[in-house]
1. Quick check: anything in the stretch 64-77 within 22 Å of Tyr10 (Cα to Cα), surrounded by 10 or more Cβ atoms within 10 Å (Cβ to Cβ), in contact with a helix residue (DSSP H, G or I) (Cβ under 6 Å, 6 or more places away or on another chain) and without any contact (Cβ under 8 Å) to a residue 60 or more places away in the chain?
2. Need the failing condition index for Thr85 against (1) at pLDDT 75 or above; (2) in contact with an Asp or Glu (Cβ under 6 Å, 6 or more places away or on another chain), just the number.
3. Restricting to the stretch 22-42, give me the number of residues that are in a helix (DSSP H, G or I), out of contact with any helix residue (DSSP H, G or I) (no Cβ under 6 Å at 6 or more places or on another chain) and at pLDDT 55 or above.
4. Does Gly71 qualify as being modelled with pLDDT of 90 or more and farther than 23 Å from Arg86 by Cα?
Amino acid sequence: MTQVNIQEFYQTVERIVAEVVHKEIPKAMLQATSDFMTAEEVGLRLKFHPSWVYRRIHAKRNPIPHHMIDGSIRFRWSEVEEWATRRKGLNGS
């Protein structure tokens, strides 16, 4: 039996679930840089499950930038992209 990195395994499972369970987002919507996006759209763009995106909202250190609009959580891709770049630097990658 081969040894598998558990984190890679869960990330792969989350990506597969996202592809199977969630509707495909039109390319034009994924390419938006300033329009508000849902957690599902951000998750697809980052190749993570939406639950991962929601967990990043509540992170004690370096939470993902988000906005509350009429009780709904929304994201601006430009802010998420900047956050991801900073986060990558913090992790030493």
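1. At the first step, the residues of the stretch 64-77 found to be within 22 Å of Tyr10 (Cα to Cα) are 64.
Checking which are surrounded by 10 or more Cβ atoms within 10 Å (Cβ to Cβ) leaves us with 64.
Add one more test, that the residue is in contact with a helix residue (DSSP H, G or I) (Cβ under 6 Å, 6 or more places away or on another chain), and what stays is 64.
Adding the requirement that they be without any contact (Cβ under 8 Å) to a residue 60 or more places away in the chain leaves 64.
Checked against the condition, which is being within 22 Å of Tyr10 (Cα to Cα), surrounded by 10 or more Cβ atoms within 10 Å (Cβ to Cβ), in contact with a helix residue (DSSP H, G or I) (Cβ under 6 Å, 6 or more places away or on another chain) and without any contact (Cβ under 8 Å) to a residue 60 or more places away in the chain, the stretch 64-77 yields at least one hit.
2. (2)
3. Residues of the stretch 22-42 in a helix (DSSP H, G or I): 27-30, 39-42.
Still in the running and out of contact with any helix residue (DSSP H, G or I) (no Cβ under 6 Å at 6 or more places or on another chain): 27-29, 41.
From the residues that got through so far, the ones that are at pLDDT 55 or above too are 41.
Residues meeting the conditions: 1.
4. Details: modelled with pLDDT of 90 or more: yes; farther than 23 Å from Arg86 by Cα: yes.
Yes, satisfied.
The values are calculated or read from the model by the stated rules, or taken from the named source; none is laboratory data. Since we're looking at a predicted model, the values are computed, not measured. FYI the Cβ positions are ideal-geometry reconstructions off the backbone, even for glycines, and counts take in every protein chain you see.
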